[in-house]
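See below for the structure under consideration.
What follows is calculated from the coordinates using simple rules that are stated; it is not laboratory data. Since we're looking at a predicted model, the values are computed, not measured. Positions of Cβ are backbone-derived with ideal geometry, glycine not excepted, and every protein chain shown enters the neighbour counts.
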Amino acid sequence: MRRALAACLFLLVLAGAATAHAEVVQYMSRHPIPKRVGHGFCDIDVPHFHDYPPSDPRLYRQVDGQYYFVGDPTPFDYDGPRYSFYGPHPIADASVQLGGPAYCYIRGPHFHWYAPPPQAQFEMRGGAYWYVGAYDPAYYNDQPRYVAINDVYAPMVYARPVIDVQFAPATFHGEIFVGGVWRAGPGGPIYGGPGWRGGPPPGVERREMVMREHREQEFHHEQEHRNWEQRQHEQRERGHGPVAHGGPERGGWHGGPPAERGGWHGGPPHGGPPHGGAPAGNAWHGNGGGGQHPAGHANGFHR
Amino acid sequence: MHRQRDQFGLAGCLLAALFVAAGCHKGATSVPAAGGPGAAPAAPAPAPAQHVDGTAHTDTVENAWRAAGLAPEGFAPLQPVPYGASYCEQGRVQTIDTLVCEFHDQDTLGKGQAALLEQWGREGGHTGVAFHAKLTVVGVVDRARHDPNGKVIHQVIDTFRKL
């Protein structure tokens with residue numbers, strides 16, 4: 001009898017499982033595909049469902065039961081158009097309605113698949129869109145919850161956009177990563193170097209620090225430019241033609257423009273996107289056209 | 001005697017399990033012809049298939065897919081017309097089950113689109129999309145993971161929305 005009862009229970013469980021509804025998870029747009037399911041990125045940019053949940057909820061917002069991916073799609077094999085951003089900003093994806101102010105909390109340079117609409121308060125400077133508007137109270141309220149997205153990206157090694165932070169707009173309120181440390185934009189405390197978790201060191205004026213860093217960078221730029229001109233001169237002496245303007249040994253290219261102030265600037269030697277710093281005082285403003293990084297062509301230089 | 005009782009008990013349980021399965025399944029199959037994307041909730045009375053003016057017709061949509069390099073195949077009208085639509089065709093694009101339906105108004109479109117997604121969700125497709133432009137709905141359901149990254153589905157929808 002006991003055996004019959006066990007068999008009965010087993011059959012009932014089996015019958016229940018067979019008739020249970022399949023998992024349906026709603027997604028609002030594109031998103032990474034969890035590794036346990038497959039590989040890469042789902043390209044569907046309209047509301048759809050899958051039979052699997054997101055790999056990491058920290059990369060998503062949930063609106064009316066639908067998941068919206070808010071991260072940088074680059075490390076997930078996304079191969080569509082990309083636009084460079086620097087620091088936190090309102091999510092300006094015109095193709096979705098998030099039901100209220102929602103922000104991207106990614107620190108430093110990152111990509112999104114959308115460009116901000118012309119009416120949004122962004123400035124294109126140094127190869128990226130910077131948010132220069134005021135933050136809604138929702139930004140500060142949601143920050144403790146959503147800033148964890150940076151923990152997701154911190155260990156990831158991938159080609160972030162190379163941004164010339166010396167052209168950061170004066171009205172940018174976020175943090176700036178300069179010379180190995182996080183610093184706030186104009187008017188805020190310094191944030192520590194890689195791995196920083198604590199509060200700002202007391203008594204340090206940020207703007208001053210950033211400006212000092214700028215002066216150091218300018219010195220570097222001049223030095224690199226002089227070296228470059230020297231090399232050009234030597235090659236001309238040897239009868240070689242002009243060469244592509246490559247980057248220094250470490251990091252993206254930060255040199256000044258060649259004599260003609262135009263043309264292609266070669267990429268960095270380590271596979272990162274090429275980086276051209278526009279001449280001081282000649283940063284490009286506005287939204288239209290700039291900032292796009294077509295898949296496979298990570299040319300971050302914009303004029 | 002004990003053995004006979006065991007056998008009766010087992011038979012009773014089997015019957016109970018069948019009832020459970022049938023009972024639970026009843027909700028899921030209250031829609032006829034489950035299994036195809038055209039399967040629909042039971043309609044009170046079959047309406048005659050009729051194209052709707054002022055929105056993309058199914059043949060226009062299929063031609064657009066062909067022009068975009070996709071391969072729609074096996075599209076045929078569904079009768080009775082499911083989901084409260086006025087006209088529906090069902091077929092495959094790049095082997096993925098696809099449905100194109102024309103609706104008479106936004107209200108029936110909204111209900112029909114929701115019913116379509118609900119049914120596919122119950123059936124357990126890997127990926128499902130129902131996207132509309134004007135009064136035409138394109139539904140795509142990938143049951144067998146033919147398109148794990150959604151590249152084909154994206155192209156199907158993108159071509160349709162550009163009409």
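List B:L135, B:L99 from most exposed to least, where exposure is judged by having the fewest other Cβ atoms within 10 Å.
B:L135, B:L99
Treat the count of other C-beta atoms within 10 Å as a stand-in for reagent exposure and order B:V137, A:V157, A:V147 from fewest to most. Numbers along the way, then the final one.
Details: B:V137 24, A:V157 6, A:V147 15.
Ascending number of Cβ neighbours within 10 Å: A:V157, A:V147, B:V137.
Of A:C42, A:C104, how do they rank once you tally other Cβ atoms within 10 Å and put the fewest first?
Ordered by Cβ neighbours within 10 Å, fewest first: A:C104, A:C42.
I'd like the mean, over residues of A:113-123, of how many other protein chain beta carbons sit within 10 Å of each residue's own Cβ. Walk me through the numbers on the way to the answer.
On the way: counts 0, 0, 0, 0, 0, 0, 0, 0, 0, 0, 0.
Other-chain Cβ atoms within 10 Å of each residue's Cβ, averaged: 0.
For peptide B:122-135, compute the average count of partner chain beta-carbon atoms within 10 Å of each residue's beta-carbon.
Mean shielding count: 4.
Can you classify the range B:58-161 as rounded, prolate or oblate using the Cα gyration tensor, where a ≥ b ≥ c are the square roots of its eigenvalues, rounded means a/c under 1.5, and otherwise it's prolate if a/b beats b/c and oblate if not?
Verdict is oblate for the range B:58-161.
Would you mind checking which residues have amide H under 5 Å from A:C104's amide H? H placed 1.01 Å from N; only 5 or more apart, or other chain.
For A:C104, the qualifying residues are A:H89, A:I91.
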